[in-house]
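Working notes for the structure below.
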Amino acid sequence: MPSRKLKQWTRSFKQASPLPGFGLSLGYTLFFLTGIVLLPLAATVLRSLHGGSAEFLHAISTPRVAAACRVTLESALIASVLSASYGFLIAWVLARYDFPGRRIVDALIDLPFALPTAVAGIALTTLYAQNGWLGRYLEPHGIHIVFTQAGIVLAMSFVGLPFVVRSVQPVLEEIDPAMEEAAESLGASNWQIFSRVLAPASFPALVTGSALAFARAAGEYGSVIFIAGNMPMKTEIGALLIVTKLEEYDNVGASAIAVAMLGLSFVVMLALNLLQWKLQSRNGVRS
Amino acid sequence: MRHLIRLRAKIERKPSLPARTARLALVIAAIAFVSLFLVLPLASVFAQAFSQGWRVYLAAIHTGEIVDALKLTGLVAAIAVPLNVVFGIASSWAIARFDFIGKKLLVSLIDIPLAVSPVVAGMMYVEVFGLHGWFGSWLSNHNLHVIFAVPGIVLATIFVTFPFVARELIPFMQAQGSDEEQAAVVLGARPFSVFWRVTLPNIKWPLLYGTILAAARSIGEFGAVSVVSGHIRGRTVTMPLAVEMLYNEFNFTAAFAAASLLSFAAVITLIVKKAIELSTEYQRSKAEQGSNE
């Protein structure tokens, strides 16, 4: 009797199918999702509201927190623009040209995904330090990367690069060369072909890739903390401040920053998704 | 479609001289950038690790600290990756094989860990299992340790690798459709043999692909693990944390020796990943996916 009721209830939200295992697979999915993702997320949001909104606002408006948020957002924004520009170049070269070593370059693009962030952090720091392979040429010219905001931007654009390339590359591969040939035969200049044909078609993908790179950069920790120097008010990032607050047992302060960061990254992702959706429907381009 | 484009690119007329020059300049710029920005950091890890010679390197790897860290990292990956594989298969079966209300919401919920900073991820577990967390007093009454212990590290690792397998499988299985499985059911196959004989052979490449990505990330995860670990020597220090601790103690050779092992794993990951991408079966399945969308 209960199993028949269960079946009736299931039928109210699920279409009939001859395949087995719906209850088991969905049940396990929901159980795991709740335990691993939703429960901890709820705990964090509730904790930040624990002391009321006044305490929450107080925790995120101290000068040190405000400075950390400014440094993080500013750096992530610059880094995602940088990743977008050279990411587009690399995606273009990989999608359009065949050259010796293309596959190796293509595989290397995912290095920032595969390389542990702590390793990337100490490698970049050593490279750009005063006596490092690159730092020894940059420092005499007054270009300081390590322990400055430029270092934060550098590390963030390192981790953001694959997001841009992997979003744009498949779209550039899919654009039919006939469109370019048609434009050329109708007398379009190279610049016109790029700005009227290629750019509109690949722009939604570029926006998506940059948004992903931005979200990753804003939350990045491992690759940034070594090169940043972590001076409060100057080169301290939001993620590090959360760790510092947790070490001081200031859980309310830590979760306030965390919720602010969570909220921001969700808003950015939502806004850019909406923008992308709008662009897509306007241009009628699939990505 | 893609191979047609490739074919076309091959037979198209030879470009003019300025076009060829521009092309060469772009290719050189891209290669130079990749070498400077990606290869050089990787090379510097190995250069630093071997800067004092082979013997110092081997001695640095053979310390108890790094051996303990290697064991813990292996243990964490061995628990977290299979759990995420099971989750990936279960969720893609539910999502790609059935139609139910709230499916889109479920798909976006699975992606949440991608948008969450690793540090925030670690902190979320402190809020649940930490001393002042939801279950904190219950756990400490029963003398169970999650935060600053191995279970917390495993949980944080599961969180950051949560969507990896599911994200590979769901679009793949949706594109594939369920005709073969339905035929098997109609012909009287039992649920387990439908999965084992029909579904699993079809999804093995994307499954392997997602598993490798999840494994690489769980070996290298730093931010989330750093928050929940407590950095207790010999007990809760994973390889990436060992790199950090040695580096902060100015023990650079040992730090880079540990980092070189992780970099080696990363390079292996890239090679295996590329090999799967180039395998004909995977490419065929991706092409099917594209044409069905």
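Bear in mind these aren't lab numbers, they're just calculated from the coordinates by the rules spelled out. For clarity, every value in this text was computed on a predicted model and none was experimentally measured. Virtual Cβ from ideal backbone geometry, glycine too; neighbours counted across all protein chains shown.
Under the rule a/c < 1.5 gives rounded, and otherwise a/b versus b/c splits prolate from oblate, where does the stretch A:111-270 land using the Cα gyration tensor?
oblate
Rounded to the nearest 500 deg cm²/dmol, what is the calculated helix-only ellipticity per residue at 222 nm for the protein assembly as shown, with -39500 (n - 2.57) per DSSP H run of length n ≥ 4?
It comes out at -24000 deg cm²/dmol, rounded to the nearest 500.
Label B:ARG55 and A:TRP191 with points 7 Å out from Cα along Cα→Cβ: what is the distance between them in nm?
6.5 nm
When chain A is treated as a GNM, springs tying every alpha-carbon pair under 10 Å, which of A:GLY121, A:GLY222, A:GLY27 comes out with the largest mean-square fluctuation?
A:GLY27
Quick one: B:ASP68, B:ASP99, A:ASP110, fewest Cβ neighbours within 10 Å first, how do they rank?
B:ASP99, B:ASP68, A:ASP110
Please report how far the C-alpha centroid of the stretch B:164-184 lies from that of the stretch B:199-213, rounded to the nearest whole angstrom.
Between the Cα centres of the stretch B:164-184 and the stretch B:199-213 lies a distance of 11 Å.
What is the order of B:THR211, B:THR236, B:THR280, fewest Cβ neighbours within 10 Å to most?
Going from sparsest to densest Cβ surroundings: B:THR280, B:THR211, B:THR236.
How big is D, in µm² s⁻¹, for the stretch B:90-247 by Stokes-Einstein at 20 °C and 1.002 mPa s if Rh is the Kirkwood radius over C-alpha pairs?
Taking Rh from Cα pairs, D becomes 120 µm²/s.
When a/c is below 1.5 the answer is rounded, else prolate if a/b is larger than b/c, else oblate, so apply that to chain B with a ≥ b ≥ c taken from the square roots of the Cα gyration tensor eigenvalues.
Taking the square roots of the gyration eigenvalues as a ≥ b ≥ c, chain B is oblate.
Explain nothing, just compute: Karplus ³J(HN,Hα) = 6.51 cos²θ - 1.76 cosθ + 1.60, θ = phi - 60°, for every residue of the stretch A:105-114 in order, whole Hz, x for Gly and Pro.
Values, residue by residue: 4, 4, 5, 5, 4, 7, 3, x, 5, 7 Hz.
Which residue fluctuates most in the GNM of chain B (Cα springs below 10 Å): B:VAL228, B:VAL154, B:VAL119?
The residue with the greatest mean-square fluctuation here is B:VAL119.
Tell me, in nm to one decimal, what length is gained between B:ILE232 and B:PHE264 on full extension, where the rule is 0.36 nm per residue of separation less the Cα-Cα distance?
9.0 nm
Kindly point out which whole DSSP H helices in chain A project their C-alpha atoms 18 angstrom or further along the helix axis while averaging a Kyte-Doolittle hydropathy of 0.0 or above.
Both cut-offs are met by A:63-96, A:149-174, A:199-219, A:251-283.
Which of the listed residues, B:LEU139, B:PRO171, B:SER226, is farthest toward the dipole's positive end in chain B, when Lys, Arg count +1 and Asp, Glu count -1 at the beta-carbon?
Final value for the positive-end residue is B:PRO171.
GNM on chain B, C-alpha springs below 10 Å: top fluctuator among B:ALA255, B:ALA43, B:ALA115?
Of B:ALA255, B:ALA43, B:ALA115, the Gaussian network model singles out B:ALA115 as fluctuating most.
With contacts defined as alpha carbon pairs under 8 Å and 6 or more residues apart, what's the relative contact order of the stretch A:56-283 in percent?
About 33 percent, as a whole number.
Only helices at least 27 Å long along their axis, Cα-based, and averaging -0.5 or more on Kyte-Doolittle count here, so list those DSSP H runs from chain B.
Working: long enough: B:64-97 (49 Å, 1.31); B:150-176 (39 Å, 1.29); B:200-220 (30 Å, 0.69); B:252-278 (38 Å, 1.69).
Span-like helices in chain B: B:64-97, B:150-176, B:200-220, B:252-278.
Against the 2.2 N^0.38 Å scaling, with N counting residues, where does the protein assembly as shown land? I'd like the Cα-based Rg ratio to two decimal places. Walk me through the numbers before you get to the answer.
Working: Rg = 24.9 Å, N = 580, 2.2 N^0.38 = 24.7 Å.
Rg over 2.2 N^0.38 Å, computed on Cα atoms: 1.01.
Let me know the mean shielding of A:227-236 by other chains, meaning the per-residue number of their Cβ atoms within 10 Å of its Cβ.
0
Remind me, relative contact order of chain B in percent, using alpha carbon pairs under 8 angstrom and six or more residues apart?
Numbers: 310 pairs, mean separation 82.9, N = 293.
Computed over chain B, the figure is 28 percent.
What list do you get for A:HIS141, B:HIS231, B:HIS62 if you sort them by fewest beta carbons within 10 Å?
Fewest to most other Cβ atoms nearby, the residues stand as A:HIS141, B:HIS62, B:HIS231.
Just name one of A:VAL37, A:TYR128, A:HIS144: the one whose Cα is farthest towards the positive end of the charge dipole of chain A (beta-carbon charges, Lys/Arg +1, Asp/Glu -1).
A:VAL37
Calculate the FRET efficiency for B:ALA47 and B:ASP179 from the Cβ-Cβ distance with a Förster distance of 41 Å, rounded to the nearest 0.05.
Numbers: r = 54 Å, r/R0 = 1.33.
The computed FRET efficiency comes out at 0.15.
Peptide A:250-260: average number of partner chain Cβ atoms within 10 Å per residue?
3
In peptide A:21-27, what is the residue-averaged number of other protein chain Cβ atoms found within 10 Å of each Cβ?
Mean partner shielding for this stretch: 6.
Take the residue pairs A:LYS7/B:LYS104; A:LYS245/B:LYS103; A:LYS234/B:LYS104 and return only those whose Cα atoms are more than 32 Å apart.
Beyond 32 Å between Cα atoms: A:LYS245/B:LYS103; A:LYS234/B:LYS104.
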